[in-house]
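A.B. asks: Could you have a look at this structure, given as structure tokens, before my questions?
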Amino acid sequence: MKLTNTLTMKKEELATHEPGVVKMYTCGPTVYGRAHIGNLRSYIMEDVLEKALGYEGYRVDRVMNITDVGHLTSDADTGEDKMLKGAKREHKSVLELADMYTKAFFEDCAKLNIKKPDTVVPATTRIDDFIGMVQALLTKGYAYTAGGNVYFDTSKLERYYVFGNQSAEDLAVGVRDSVEEDGNKRNKTDFVLWFTKSKFEDQELKWDSPWGLGYPGWHIECSAISVRELGEHLDLHCGGIDNAFPHHTNEIAQSEAYLGHPWCGHWFHVLHLNDAGGKISKSKGAKLTVSLLEEKGYDPLVYRLFNLQSHYRKPLTFSFESLDNAAQAYQKLTARVTALSKDGEPDMGAAEPYIERFKEALGNDLNTSQALTVLYDMLKSDLTDATKRWLAGDFDRVLGLDLLAGKGAESAQPVDAGLAAEIEELIAKRAEARKAKDWAAADAIRDELAARHVVLKDTPDGVQWHIEG
Ligand code: AMP
Ligand code: ZN
């Protein structure tokens, strides 16, 4: 499997420490709000990666953290605590908030056929490990205490690794973005390992530590969880591109200083999903969620297909027009598979060249659009229906598009049952209002339906409706 390695910016064969086994770590969500479809772009592509590795025959040991403590609004250890801010907004405790949005995250993932990693670790459950790692870094001379906090001393490293040959100093200024500087830091690129001098009087979650009551910095969780769960050598580390600096840079600094040897050989970064306003981000209060797509009548797998149609190393622009194109493509594709006859046995000899081409596309830097082309070519070919159906199911182990679920036979826009019930209720209310000659109320309901892209048609058999894609 060849993948672009952000360490070298080259397409490289993935090397594993143990033959046939990939140790894969993924930075999980910060659970202070619902994931937006930008976050989910990263998780869709990482899911395809895991499944493509499985398709190639690897066993994948995959671990994901859940950030439920320590992530401040600026990646450079300044600003407010994201979890605390979210908890105040929603009148909940930090742990209630974390629990609610962790569940919501995995619900969204399930709708997108994103497999939950075997091991998922909330940061707050590993505080002892974090303290142990910070202590070791202090003992080894890679950390110092100042103003009550513990900092990583980046000047002690032989090399403070920054992806893409950019200057850490330039980037550090970039992430600081007019937020106040921390005067305790000896070097601009130093970062917090453990906070005791909390800037937040009302910080909810605090733990005893050798440096006083406090809480961890953001980066330590991924180093500590990864080393504990996957060992001293990691094969593959994933995340969205905004994680590359400073988060991944600092993970490398901590892990290698702690272990005393190189840590992770391959870094996989997914480029951003943007919309007309630029990068879609949670902190800007992005409203583009899986639930919104469902409310508008899209099958979440249409969004999965939308992502598979382009390459993970290119930024992707979202618009409802392009999602509509994906919806049409999805409908056609599933209809085509659904129409295949269920009779007969597959001809494995005839299937083989398509399997090879499919593997080749995925092995070429996870070229998912090329993999889809192989699927389309296969469906267009003169293979028997039984062979086509078998191959569609086989490819779907990676694509995750529910190709064999019998979709696409009737409606172009399958509508979620809950939403359909809501729409039916509004239509009934509108009929009542009309009966009572309450035209204002009837019009208001029609407008409400229109805002949800529901188109009504009065027919002799009653009102018919559909959602306009
Ligand atoms: P967060 O919940 O903010 O910690 O982010 C979760 C994941 O989503 C991280 O891997 C981020 O790098 C990634 N991410 C954030 N914004 C986007 C975006 N607009 N497009 C793709 N990935 C993103
Ligand atoms: Zn991480």
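A.B. asks: If one computes P(r) from the Cα atoms of the chain, what percent of pairs lie at distances over 27 Å? Can you show the working numbers first?
C.D. replies: Numbers: 65851 of 109746 pairs.
Result: 60 percent of Cα pairs exceed 27 Å.
A.B. asks: Once a ≥ b ≥ c are taken as the square roots of the eigenvalues of the Cα gyration tensor of the range 114-165, is the result rounded (a/c under 1.5), prolate (a/b larger than b/c) or oblate (a/b not larger than b/c)? Before the final figure, lay out the partial values.
C.D. replies: On the way: a/c = 2.76, a/b = 1.38, b/c = 2.01.
Cα axes put the range 114-165 in the oblate bin.
A.B. asks: Evaluate the charge dipole of the chain about its Cα centre and quote only its size in Debye, nearest 20, assuming +1 on the Cβ of each Lys and Arg and -1 on the Cβ of each Asp and Glu. Intermediate values should be presented prior to the final figure.
C.D. replies: Working: 56 positive and 73 negative charges, 102 e Å.
Value, rounded to 20: 480 debye.
A.B. asks: Apply 1/(1 + (r/R0)^6) to the Cβ-Cβ distance of Thr139 and Met100, taking R0 = 30 Å, and write down the FRET efficiency to the nearest 0.05.
C.D. replies: Working: r = 39 Å, r/R0 = 1.29.
The value I calculate is 0.20.
A.B. asks: Quote the relative contact order of the chain in percent (integer), defining contacts as alpha-carbon pairs under 8 Å separated by 6+ residues.
C.D. replies: 18 percent
A.B. asks: Also: Please work out whether the range 1-46 counts as rounded, prolate or oblate from its C-alpha gyration tensor, where a ≥ b ≥ c are the square roots of the eigenvalues and a/c under 1.5 means rounded, while otherwise a/b larger than b/c means prolate and anything else oblate?
C.D. replies: Working: a/c = 2.96, a/b = 1.93, b/c = 1.53.
Prolate is the answer for the range 1-46, as a/c is 1.5 or above and a/b outweighs b/c.
A.B. asks: May I ask for the angle, rounded to the nearest 10°, between helix 368-380 and the longest principal axis of the chain, with both axes built from Cα atoms and the value confined to 0 to 90°?
C.D. replies: Tilt relative to the chain: about 30 degrees.
A.B. asks: Suppose each label sits 7 Å from its Cα in the direction of the beta carbon; what would the Gln309-Ala417 distance come out to in nanometres?
C.D. replies: Result: 3.0 nm between the two label points.
A.B. asks: Give the angle, between 0 and 90 degrees and rounded to the nearest 10, that separates the Cα long axis of helix 439-451 from the longest principal axis of the Cα atoms of the chain.
C.D. replies: That works out to roughly 60 degrees.
A.B. asks: So if we plug the beta-carbon distance of Ile355 and Lys332 into 1/(1 + (r/R0)^6) with R0 = 25 Å, what FRET efficiency do we get, rounded to 0.05? Intermediate results must be reported in sequence, preceding the final value.
C.D. replies: Values: r = 23 Å, r/R0 = 0.92.
Rounded to the nearest 0.05, the efficiency is 0.60.
A.B. asks: Would you please put 236-242, 363-369 in order of how densely packed they are, using the mean number of other Cβ atoms within 10 angstrom per residue and starting with the highest? Before the final figure, lay out the partial values.
C.D. replies: Working: 236-242: 22.6, 363-369: 18.6.
With the highest mean Cβ count within 10 Å placed first, the list reads 236-242, 363-369.
A.B. asks: Using only Cα atoms, find the angle between the long axis of helix 417-435 and the longest principal axis of the chain, and express it within 0 to 90 degrees, rounded to the nearest 10.
C.D. replies: Once rounded, the angle reads 60 degrees.
A.B. asks: Of the DSSP beta bridges with both residues in the chain, give the percent that are antiparallel, rounding to the nearest 5. Can you show the working numbers first?
C.D. replies: Numbers: 24 of 47 bridges.
Of those bridges, close to 50 percent are antiparallel.
A.B. asks: For the charge dipole of the chain, defined by +1 on Lys and Arg C-beta atoms and -1 on Asp and Glu C-beta atoms about the Cα centroid, which residue among Ile44, Trp439, Gly344 has the Cα displaced farthest towards the positive pole?
C.D. replies: Toward the positive end, the furthest listed residue is Trp439.
A.B. asks: A follow-up question, please. Counting only helical runs of four or more DSSP H residues, what would the 222 nm mean residue ellipticity of the chain come to if each run contributes -39,500 (n - 2.57) and the total is spread over all its residues?
C.D. replies: Values: 15 runs with 200 residues, N = 469.
So the helix-based figure for the chain works out to -13500 deg cm²/dmol.
A.B. asks: Oh, and also: Which FRET efficiency value, to the nearest 0.05, do you get for Asp343 and Lys188 by plugging their Cβ-Cβ distance into 1/(1 + (r/R0)^6) with R0 = 51 Å?
C.D. replies: Numbers: r = 69 Å, r/R0 = 1.34.
After rounding, the FRET efficiency stands at 0.15.
A.B. asks: Also, I was wondering about something else. If you take the square roots of the eigenvalues of the alpha-carbon gyration tensor of the range 282-369 and sort them as a ≥ b ≥ c, do you get rounded (a/c under 1.5), prolate (a/b over b/c) or oblate?
C.D. replies: Working: a/c = 3.29, a/b = 1.59, b/c = 2.08.
Because a/c hits 1.5 or more and a/b fails to exceed b/c, the range 282-369 counts as oblate.
Only the coordinates and a few stated rules stand behind these numbers; no lab work does. Not measured: the values here are computed from a predicted model. Cβ: placed from backbone, ideal geometry, glycine included. Neighbour counts: every protein chain shown.
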